[in-house]
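What follows is a single structure, written as structure tokens, with notes after it.
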Amino acid sequence: PGADVQSLWRSARSARCEVKTCQTGTISTAEAAAQSHTARDAAVQTEQSKDAVQDFQQEVQVDYTGLLSFLQRVEDAVIKELNKNWKSHAFDGFEVNWTDQDETVLCLHTLSYPEAQDQNLQVTSVSWNATGSVVACSYGRLDDGDWSTEKSYVCTWNLDRRGLNPQHPDLVVDVPSSVMCLAFHPSQPSLIAGGLFSGELVVWDTSRTEDPVIWRTGMTDDTHTDPVYQVNWLPDTKHRNHSQLLSVATDGKILVWREERDGRLALAEGFAIVAQQIPRSTRLKKMAWGEAAVGVTSLSFSHFDPGVFVAGVEGGYSLRCSTAAQTPALPRPGGSVPLRAPAELAFSPHAGPVYSVSCSPFHRQSCFLLPPSPRNLFLSCGTDGQIHFHSMLQTQPLFALQLSKKYLFCVRWSPVRPLVFAAASGEGVHLFDLARSTQKPTVSLKQSVSDCPVYCLEFNTKHTRLLAAGDAAGTVKVWQLSSDFTEQGPREMSHLEQLASEIMD
């Protein structure tokens, strides 16, 4: 077993009162900082003495004598080079464009009036005012049925106004009959004219919220007996500060109205499309051919000859007409003004009623107008789903596009691009750029999910990237077009002339 030995070391030391430890004595310390306590700013910029300041605004001394001598020496060489550049074709067709190209078409606004939608009313027409900031629409019905006694509306929205409410128009005008068409005054932003299902014409002043009606035709022997499908403002040649209104209806009459002081619109002159001026179509067989043929549905004036216009009729024809025509139309009972027959030329017909025509706003900047000049071109569309591209100088269309199996209700030429136009169909909105294709639309826009028909559309001539379209669901959509559709390319007019010429050949 182990043995232990008791240590006597600690007890011996305790007896001698000795204490041992391994801890060293206290070490003295002191802190010393390297940062000095005084600071001073020193700049590397030198001070400029007042004497050294130079007045850069003082007049520069020019040696005019030497400059004149130099210009005289180089004058001949400069003129020679300028003449060479003038004749050069190095930059033909080159066009500087600093803006980024936007390849999308966006829906900026979807406008509606819920009360009209509750009545299942349709947007029958849209129009932009003279400033391009206000869009108006009319509510009515374009489908079958007698709705002349149904209440209707005209609504306006100011798109530049802050807090725009798409479902709350800035102005709502109650109308006792369906409004079939609208047209803002070309220079007075608050005046808007409308044609009613009852055959009447009404002019509203949107600045008067209490009683906006300022002129109307009333129901007289001069008033249309059928719905009015288009109204146009015309300058009054006798009174510079006044305007006249032109209206067309399916009763075959084209009437021009003047303003009277008592708030009436009085008939100034009138025209009537008569069946004798229209070739009988073998494709349109109706019992009452005369009545079916002459109903006027649309009209477009030439932008370069104010006395020439194209009228579209229910018989499927487009007619070139003249306001200077003196041939009397067939006698009609009543009326204060004798009516004249304006038709001069009937173009090859559609296979159904024509619903819209649009004359080209572009023309060639040349003194020699050889056919077919763009100034002579117009578009037409109708129930056969085709768009006819016409020259006023020949009866056959330059070409025809089969756009849809459904009706085409409206066609409009672009106000800024000669090769672009838009069409409204039973399927939506179609944008054409003939520079890309003459056979199919460049962009097709769905107005709504349910493919409801689009009845009307209008380009904005002030804000050229905006296009308004109204549909059967009671909504107006404002589309923002891409720069591709609004910026004219190089030689675009020449392209249009060449296109028309090739098709004719």
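The values are calculated or read from the model by the stated rules, or taken from the named source; none is laboratory data. Please read these numbers as outputs of a predicted model, since none were measured by experiment. So basically every Cβ, Gly included, is an ideal-geometry build from the backbone, and we count neighbours across all protein chains shown. The protein model used for the area step is the full one, side chains on, heavy atoms only, and it has no ligands, DNA or RNA in it. Shrake-Rupley method; radii C 1.70, N 1.55, O 1.52, S 1.80 Å.
Brief remarks follow.
- Test: residue in the stretch 180-197 that is part of a loop (DSSP other than H, G, I, E, B), of a type outside the set (Gly, Ala, Ser) and touching a helix residue (DSSP H, G or I) at 6+ places or on another chain (Cβ under 9 Å): no
- Where a residue in the stretch 120-137 is assigned to a strand (DSSP E or B) and its partner, wherever it lies, is among the acidic types (Asp, Glu), with Cβ under 8 Å and at least six apart: GLN122/ASP143; GLN122/ASP471; VAL123/ASP471; VAL126/GLU458; SER127/GLU458; TRP128/GLU458; VAL134/ASP170
- Against the numbered list (1) at pLDDT 90 or above; (2) open to solvent by less than 50 Å² (accessible area, probe 1.4 Å), GLU269 comes up short only at (2).
- Tally of residues being among the polar types (S, T, N, Q) and open to solvent by 40 Å² or more (accessible area, probe 1.4 Å) across the stretch 443-452: 2
- Matching residues, the stretch 106-145, being open to solvent by less than 50 Å² (accessible area, probe 1.4 Å) and among the charged types (D, E, K, R): ARG141
- Taking the numbered list (1) open to solvent by less than 10 Å² (accessible area, probe 1.4 Å); (2) touching a Phe, Trp or Tyr at 6+ places or on another chain (Cβ under 7 Å) in turn, TYR455 passes all entries but (1).
- Residue match in the stretch 229-248 (condition: open to solvent by less than 10 Å² (accessible area, probe 1.4 Å), out of contact with any Cys (no Cβ under 9 Å at 6 or more places or on another chain), touching a residue at least 24 places away in the same chain (Cβ under 8 Å) and farther than 15 Å from GLY295 by Cα): yes
- Scope the stretch 162-179; condition more than 22 Å from LEU108 (Cα to Cα) and part of a loop (DSSP other than H, G, I, E, B); matching residues: PRO176, SER177, SER178
- When THR461 is tested against the conditions (1) open to solvent by 40 Å² or more (accessible area, probe 1.4 Å); (2) within 20 Å of THR383 (Cα to Cα), the lone failure is (2).
- Here is the figure for the stretch 187-226: residues that are surrounded by fewer than 22 Cβ atoms within 10 Å (Cβ to Cβ), closer than 30 Å to GLY295 by Cβ and among the β-branched types (Val, Ile, Thr) total 4.
- Within the stretch 365-386, residues that are modelled with pLDDT of 50 or more sit with their Cβ atoms under 7 Å from residues that are open to solvent by 20 Å² or more (accessible area, probe 1.4 Å) and in a strand (DSSP E or B), at 6+ positions apart or across chains, in these pairs: CYS381/TYR355; GLY382/TYR355; THR383/TYR355; GLY385/GLN402; GLN386/ALA400; GLN386/GLN402.
- Among the residues making up the stretch 189-245, a single one is on the phi > 0 side of the Ramachandran plot and within 30 Å of the chain's Cα centre (by Cα): GLY199.
- Yes/no for VAL357 being over 24 Å from ARG465 (Cβ atoms), modelled with pLDDT of 90 or more and in a strand (DSSP E or B): yes
- Residues that are farther than 21 Å from GLY352 by Cβ and not in a strand (DSSP E or B), drawn from the stretch 293-321: SER302, HIS303, PHE304, ASP305, PRO306, GLY307
- One residue alone among VAL105, VAL96, VAL74, VAL123 is of a type outside the set (D, E, K, R) and modelled with pLDDT under 65, and that residue is VAL96.
- For the stretch 400-414, filtering for residues that are in a strand (DSSP E or B) and open to solvent by 30 Å² or more (accessible area, probe 1.4 Å) leaves 4.
- Of the set (1) farther than 20 Å from THR223 by Cα; (2) open to solvent by less than 10 Å² (accessible area, probe 1.4 Å); (3) hydroxyl-bearing (Ser, Thr, Tyr), all apply to SER178 but (1).
- Test: residue in the stretch 168-176 that is under 17 Å from the mean Cα position of the chain (by Cα), of a type outside the set (A, V, I, L, M, F, W, C) and under 19 Å from ASP205 (Cβ atoms): no
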